[in-house]
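What follows is a set of notes on a single structure, which appears directly below.
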Amino acid sequence: MDPKGKVAVVTGGASGLGKATVLRLLGKGARVVIVDYDGDAGQALAAEYPDATAFAKCNVTVTEEVTAAVELAVAKFGQIDILVNCAGIGSAERTLGREAPHDMERFKVVVAVNLFGAFDMSRQAAFKMAQNVPDVDGGRGVIVMTGSVAAFDGQIGQVAYSASKAALVGMTLPLARDLSSAGIRVCTICPGIFDTPLLALVQDDVRARLAQSVPFPKRLGQPDEFAHLVEHIVSNAYLNGEIIRLDGAIRMAPK
């Protein structure tokens, strides 16, 4: 699928990997609905591209807000061709704390955002994609999930985050199979250590150590490298049901 002229929905699209994806798809001629919980950042980004974007403030754990974002895309641009699920949160908490076990509500919140939110957006966007006119291969849409290397190499304190990302990995193939009859492809990218706004809060010496832990190239991943892979998945019609690590060959240590 050539992104030019297509309509994309990007969750978590106001910052980090999501923003890089928005910018790359815009650069390739797509129109993009930016979905994010941060209203100020989302509106500011959309204002830079008023003719090619729309913004939907959305908590992906609230089905009614997911529905509103999907309906906005169709109302504004007529259809949905591409969905990139970048919305997500992390956590750092051991199963056994010094005074209490892992907080159950925090575990539920991480899973709700990273897993339930991605599935809710996917199921609703896929319903709209299924109404598209098929291309020469019968394709009607593409869904890209954002997993993590933590799905495979979860570190100490990442039990909630790793569980949610592993679930996305496990969901990829059955979701691709479910949607194959509608001509909708599904892939998941599992990034390693990327230079996102969240990581910018980490001290320089820690960032340097993280970069050196990557076998090659010995640096943090750049958000546009993630976005470039999204573009390739969208463009390569034979990529389906695949989980792709984007991590410089890193395998995370226990801590």
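Of all residues in region 202-224, exactly one satisfies the criterion of being within 20 Å of G12 (Cβ to Cβ) and without any contact (Cβ under 8 Å) to a residue 24 or more places away in the chain, namely V202.
Can you pull out every residue in region 136-171 that is polar (S, T, N, Q) and crowded, with 21+ Cβ neighbours inside 10 Å? Reasoning before the result, please.
We begin by selecting, within region 136-171, every residue polar (S, T, N, Q); these are 146, 148, 155, 158, 162, 164.
Scanning region 136-171 gives T146, S148, Q158, S162, S164.
Within region 1-41, the residues that satisfy the criterion of being within 21 Å of A118 (Cβ to Cβ), assigned to a loop (DSSP other than H, G, I, E, B) and either out of contact with any helix residue (DSSP H, G or I) (no Cβ under 7 Å at 6 or more places or on another chain) or small (G, A, S) (or both) are K6, G12, G13, A14, S15, A30, Y37, D38.
Within region 120-135, if we keep just the residues that are buried (at least 17 other Cβ atoms within 10 Å of the Cβ), in a helix (DSSP H, G or I) and not small (G, A, S), the residue that is nearest to the chain's Cα centre (by Cα) turns out to be M121.
Please determine whether any residue of region 52-67 is touching a Ser or Thr at 6+ places or on another chain (Cβ under 9 Å), in a loop (DSSP other than H, G, I, E, B), hydroxyl-bearing (S, T, Y) and under 29 Å from G192 (Cβ atoms). No: zero hits. When only residues in region 172-209 that are modelled with pLDDT of 95 or more and among the basic types (K, R) count, which is surrounded by the most Cβ atoms within 10 Å (Cβ to Cβ)? Per the criteria, the residue is R185.
Within the option set R140, R98, being of a type outside the set (A, V, I, L, M) and modelled with pLDDT under 95 holds for one residue only, R98.
Within region 55-72, can one find any residue that is over 27 Å from D40 (Cβ atoms) and either at pLDDT below 95 or surrounded by fewer than 17 Cβ atoms within 10 Å (Cβ to Cβ) (or both)?
Within region 55-72, the first condition is being over 27 Å from D40 (Cβ atoms), and the residues that meet it are none.
No, region 55-72 contains no residue that is over 27 Å from D40 (Cβ atoms) and either at pLDDT below 95 or surrounded by fewer than 17 Cβ atoms within 10 Å (Cβ to Cβ) (or both).
Return a yes/no flag: does region 77-95 have any residue that is free of Cβ contacts under 8 Å to residues at least 40 places away in the same chain and under 26 Å from G183 (Cα atoms). No - not one qualifying residue is present in region 77-95. Applying the selection to region 28-51, what residues are under 15 Å from S15 (Cα atoms), touching a Lys or Arg at 6+ places or on another chain (Cβ under 9 Å) and free of Cβ contacts under 8 Å to residues at least 40 places away in the same chain? Of everything in region 28-51, those that are under 15 Å from S15 (Cα atoms), touching a Lys or Arg at 6+ places or on another chain (Cβ under 9 Å) and free of Cβ contacts under 8 Å to residues at least 40 places away in the same chain turn out to be I34, D38, G39, A41, G42, Q43, L45.
The values are calculated or read from the model by the stated rules, or taken from the named source; none is laboratory data. Just so it is clear, the model here is predicted, and its values are computed rather than measured. Counting neighbours? That spans all protein chains shown, and the Cβs are built from the backbone with ideal geometry, glycine included.
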